[in-house]
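Okay, so here's the structure we're looking at.
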Amino acid sequence: MHPHSNEPTSIDGNIHTVRKHPSPFQLASKRFLKNKLAIIGSIILLIIILMAVFAPFITDHDPTKADLLIVDRPPSSEHILGTDASGRDTFARLLYGARVSLTIGVSAMLFTLTIGLLLGAISGYYGGKIDQIIMRFADLVLALPFLVLALTIISILDHVTIGLFIMIIAITAWPNLTRIVRGTFLSLREQEFVLGARTIGASDFRVIFKHLIPNAIGPIIVNATLMMATMIIVESALSFIGMGIPQPTPTWGNMISEAQNIRVLRYQPEAWIPPGFAILATVLSINFIGDGLRDAFDPKLDSR
């Protein structure tokens, strides 16, 4: 009989039931599903993602096509949210802007996660001079405020594409995650399961990816999730001041930037409220998910 099965076993004539204990991920999943705000955030984010993915099926307007004959039109059956100062459909730009903003948020987060995880793992596992070099470099990057450093790099470049923009904000945001991964590895590398793996001759690569990262995945996932919200805010802020994704590419930040005119702010709320609400809803939903993941991966909750 398999030792982890739930079927009864007989030992000395007595019937015993062996229960399989749930894994840490199963426990985390149960705790996450009990968090109402996290579930609400997941539903809202899913709706926004679906609207972005199926944008071509929701509207047949081109978000970048200008038409000077229909400039600043109010909402109508043809243009649900009206048109902007260039005659482009606002609703189409809102949907396709979700694509760009979410793509930047997810891609920049993954890029930053890769850099931070790699450098943090090396620094925390090996320590010594390698740790000092990586941490001094991280301190150097952190010496300048994140947005100031990103603005400096962007201002040097003539043209910023989406891919280049993702790289810029990722290479300026990695130090914080690197510090988190390093701190987690420093606390784990002296644990018995790591020492046992080393004793039986496991390679450093196996120890890091088979033993350390899986045990550090909780704080990594939580910080990566919250980082995605930060990246969306950064893109919106930089696009708002004209230093982000250039026109006519639709992003939520670009849409709000176009509505800075006093007349638009006063008489055309449909031009800036929807993208502003989209940013708010997306960031809040991601933060709710991040808070839910943080509580789900908290081992202290098992004893409550």
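None of the figures in this text is laboratory data; all of them are computed from the coordinates on show. Since the structure is predicted, the reported quantities are computational estimates derived from the model, not experimental observations. Don't worry about glycine lacking a Cβ; one is built from the backbone with ideal geometry, like all the others, and counts go over all protein chains shown.
Derived value for the chain: Kirkwood hydrodynamic radius 22.3 Å. Basis is the mean of 1/r over every pair of different alpha-carbon atoms.
With charges set only on the Cβ (+1 for Lys and Arg, -1 for Asp and Glu), what does the dipole of segment 218-304 come to about its Cα centre, in debye to the nearest 20?
Values: 5 positive and 7 negative charges, 36 e Å.
Around 180 debye, computed over segment 218-304.
Charges were assigned to the Cβ only: +1 to each Lys and Arg, -1 to each Asp and Glu. The resulting dipole of the chain about its Cα centre is roughly 820 debye.
Remark: segment 166-220 carries a charge dipole of roughly 60 debye about the Cα centre, counting +1 on each Lys and Arg Cβ and -1 on each Asp and Glu Cβ. Sorted on the mean count of surrounding Cβ atoms within 10 Å across their residues, most packed first, peptides 225-235, 141-151 read 225-235, 141-151.
Look at the dipole of segment 23-303 built from charges on Cβ: of 43, 236, 264, the Cα furthest out on the positive end belongs to 43.
For residue 43 and residue 118, FRET efficiency with R0 = 30 Å and r from the beta-carbon atoms, rounded to 0.05?
Details: r = 33 Å, r/R0 = 1.12.
Calculated transfer efficiency: 0.35.
In this simple spin-label approximation, residue 186 and residue 68 carry label points 7 Å from Cα along the Cα→Cβ vector, and these lie 6.2 nm apart. Bridgeable aspartates and glutamates around residue 65 (alpha carbons under 12 Å apart, same-chain partners fewer than 8 residues away excluded): 84, 89. Taken over segment 120-250, the convex hull of the Cα atoms encloses 120 Å³ per residue.
Could you tell me the convex hull volume per residue, in Å³, taken over the Cα atoms of segment 122-195?
Details: hull volume 7.0 nm³, N = 74.
Once divided by residue count, the hull of segment 122-195 is 95 Å³.
Within segment 256-294, find all residues whose amide N lies under 14 Å from a label point positioned 7 Å from the Cα of residue 85 along Cα-to-beta-carbon. In segment 256-294, the label zone of residue 85 (backbone N under 14 Å from the point 7 Å along Cα→Cβ) covers 256-268, 271-272.
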